[in-house]
Amino acid sequence: MHFSNPSALYTLLALPVILLIHFLQERSRRVRVSTLFLLEHAAPISVGGARIERLRNSLPLWLQLLAALIVTWLLAEPRWTRQDSRQSIAVVLDASVSMSAFQENLETTLSKALAPWSRAATTTDWLLIPSDTRLPTLYKGTDLTALLNALKAFSPTQGTHDSTNALLLARSLVKATGTVLFITDHRPTSLPSDTGLIALGTPFPNIGFAGLTTTTTATTTTTSSSSSSSSSSSSSSSSLPISNLPSPISGGEAAYSVLVRNPSPEPQTREWWTELPQAPPGSQLTAKQSLTLAPGQSLTLSGTFPPNLDQVILNLTPDRFPLDDTFPIRRPQPRRLTAEIHLPPGPTHQLFTTLLSALENLDLPSQLTTNNSPLTPAPPDLLITELGESVPTHAIQFTSAGTGSTTALDPDPVVADNHPFTRDLDWASLLTPTPADLTLADTDQPLLWKGPKPLALLRQDTQDDGTRTQRLLLAWNPADSSAARNPAVLVLLHRFTEHLRQQKRAFHADNFETHQPLNLPSPPKFPRTLTSSSSSSSPISHLPSPISGGAAAPPLPTFFDLHEGDTHLLSAAAHFGDTRESDFTKSETLDETTALRRQTTLKQTEADPLTPLYLLALISLLLLSWTRTP
């Protein structure tokens, strides 16, 4: 049985009111006189108003109480569940990592929220899915207890994401007659109109790490810095006795700056310290220091990697949301490209030397080579040659065989194609000679045009061993143009070489946010595995190993390594840095499913068939009570 209007039960308060009225009734007194005119001379007696006396058992009292009960029953609109009623409910759990702060009481809270729904029909088909459609279904069945037990396997680790796809999927699974409930810890910005919202969060103060910046200098230093803290920045390295450690890591001194943020409306005080998991025992932890942040304040903790160590962990005193209280940092070691300029000494050779020397992570040999010089057995990653020379690797090639004079500039404007290499750049100031005729293949990607002719294009090649390479083809000699004074040309070269560097299968070290794509060469030649490499005693080392795939960083803060077959491609650290998920000031508890549950209940129940009889009985009771009242 269900009441369509449960608020009508408040009319039961009429029962004590009726009893109070009967308590206040005073029994009438009968005075016998011989002659009516004597009443005029009777002295008036003041009785002092109504008095509370003992409750007198009377028929009107019971008739009025019974009438109040019938009125309450009719106003509450009782409905009876049909024996053949069946409903489908899809529960979509917000997989955002902020839900982990409320996971301890999730089962109990959700049990109270879903219990009224389970009573709406004789049989309920439950579906429990996370808001990230890439994750598997948590439960499908008719047992609410089993659904609640399935919450133990729920691990919210995703960053801020759109739950629309999961809600649409849930709607398609329960059809138009089913119900979709979204369980989260805050009010979402938008939600489908046919979806019920249940929020289980509560606001609480939180302070945590929010971002990382690393820099590497060309000079290697062996001095260590002392720990200090101030209102603006703090150093997080300490003097350590270094002994029996690996040889110094190449790349110069590496420094880091980590942002600490307090989104709470109240000042927060925490202790912080540095952990060096690769240091000798007894030297892995620095002294704890106090850190106080005003409401909404952010400050930076800065330091350098100690010599011979490439792992640092910053720690804050753990709180209710511990993911942003541990921050692992890996000394960066980027992939580098090697390039050779196969041109004779002259203006063109000098121009390319100047341009390529300005690019990061690209190495040029000190010696000069000529067109007649044979290629080395191990070719470089990038060759710069004239068009027409056979190249076994990636290349930038140009031609001087333009129509007309090589020094006469063509007044036609340069037009850029919509391509990532040329997008958002100013090409109007680039002056070039008339471009040579370049035949466009089906797989070529035009980058620049001058009139009807392509001025620059990207060409895909397949080498004899099956390796795919790319060539940037220029239909003019950059030395005979304004390329040296045009920033867009340098940016074009940077984007092209950066693309090649990202696709190079070579070891590198870097820092990533949790779940961040790793920018690995594709497609993989062998299966990839992701394993934890932390030697720390901190909880961040508790990462399942191995994890297949390796397309993104792990879901928890940790140090990790990625291998492709037997090749070590990546050594990195994953840190949590989603400031939207670590801000709990907007968390709240609410249930906006009352109207939706009432609609569902009406579909699964039928009205009380005795309602006309109750109305007739109510009228009869009122009339009888009126006639029996003295």
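Tabulated values for the structure
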item	result
One residue from Ala113, Ala101, Ala121 being farther than 22 Å from Pro322 by Cβ, among the aliphatic types (A, V, I, L, M), modelled with pLDDT of 90 or more and not in a strand (DSSP E or B)	Ala113
Count of residues meeting criterion [in a strand (DSSP E or B) and touching a helix residue (DSSP H, G or I) at 6+ places or on another chain (Cβ under 7 Å)] in segment 327-352	4
Leu181 being over 17 Å from the mean Cα position of the chain (by Cα), of a type in the set (A, V, I, L, M) and modelled with pLDDT under 90	no
Residue match in segment 172-182 (condition: without any contact (Cβ under 8 Å) to a residue 60 or more places away in the chain and not acidic (Asp, Glu))	yes
Strands (runs of 3 or more DSSP E) completely within segment 527-630 that count 2 or more residues being touching a Phe, Trp or Tyr at 6+ places or on another chain (Cβ under 7 Å) and at pLDDT 90 or above	567-575
Segment 423-477, subset within 24 Å of Asp381 (Cβ to Cβ) and small (Gly, Ala, Ser), residue surrounded by the fewest Cβ atoms within 10 Å (Cβ to Cβ)	Gly466
Failed item in (1) closer than 18 Å to Gly211 by Cβ; (2) in a strand (DSSP E or B), with Asp324 passing the rest	(2)
Residues of segment 251-262 that turn out to be part of a loop (DSSP other than H, G, I, E, B) and either among the aromatic types (Phe, Trp, Tyr) or crowded, with 20+ Cβ neighbours inside 10 Å (or both), as a count	1
Count of segment 189-215 residues which are part of a strand (DSSP E or B) and either crowded, with 17+ Cβ neighbours inside 10 Å or under 20 Å from the mean Cα position of the chain (by Cα) (or both)	11
Qualifying positions in segment 134-149 - without any contact (Cβ under 8 Å) to a residue 40 or more places away in the chain and surrounded by 18 or more Cβ atoms within 10 Å (Cβ to Cβ)	Tyr139, Leu144
Filter result for the condition that a residue is modelled with pLDDT under 90, surrounded by 11 or more Cβ atoms within 10 Å (Cβ to Cβ), touching a Pro at 6+ places or on another chain (Cβ under 8 Å) and among the polar types (S, T, N, Q), over Thr393, Thr406, Thr399	Thr406
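Residue-wise test of (1) of a type in the set (Gly, Ala, Ser); (2) over 22 Å from Phe560 (Cβ atoms).
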site: Gly296; (1), (2): yes, yes
site: Ser302; (1), (2): yes, yes
site: Asn308; (1), (2): no, no
site: Gln311; (1), (2): no, no
site: Arg331; (1), (2): no, no
site: Pro347; (1), (2): no, yes
site: Phe352; (1), (2): no, yes
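Yes/no matrix, rows are residues, columns are (1) closer than 21 Å to Gly211 by Cβ; (2) modelled with pLDDT under 90; (3) charged (D, E, K, R); (4) surrounded by fewer than 14 Cβ atoms within 10 Å (Cβ to Cβ):
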{"site": "Ser264", "(1), (2), (3), (4)": "yes, no, no, no"}
{"site": "Arg270", "(1), (2), (3), (4)": "yes, no, yes, no"}
{"site": "Pro277", "(1), (2), (3), (4)": "no, no, no, no"}
{"site": "Gly282", "(1), (2), (3), (4)": "no, yes, no, yes"}
{"site": "Leu301", "(1), (2), (3), (4)": "yes, no, no, no"}
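The values are calculated or read from the model by the stated rules, or taken from the named source; none is laboratory data. Source: prediction; values computed, not measured. Methodologically, a virtual Cβ is constructed for each residue, glycine included, from the backbone with ideal geometry; neighbour enumeration extends over all protein chains shown.
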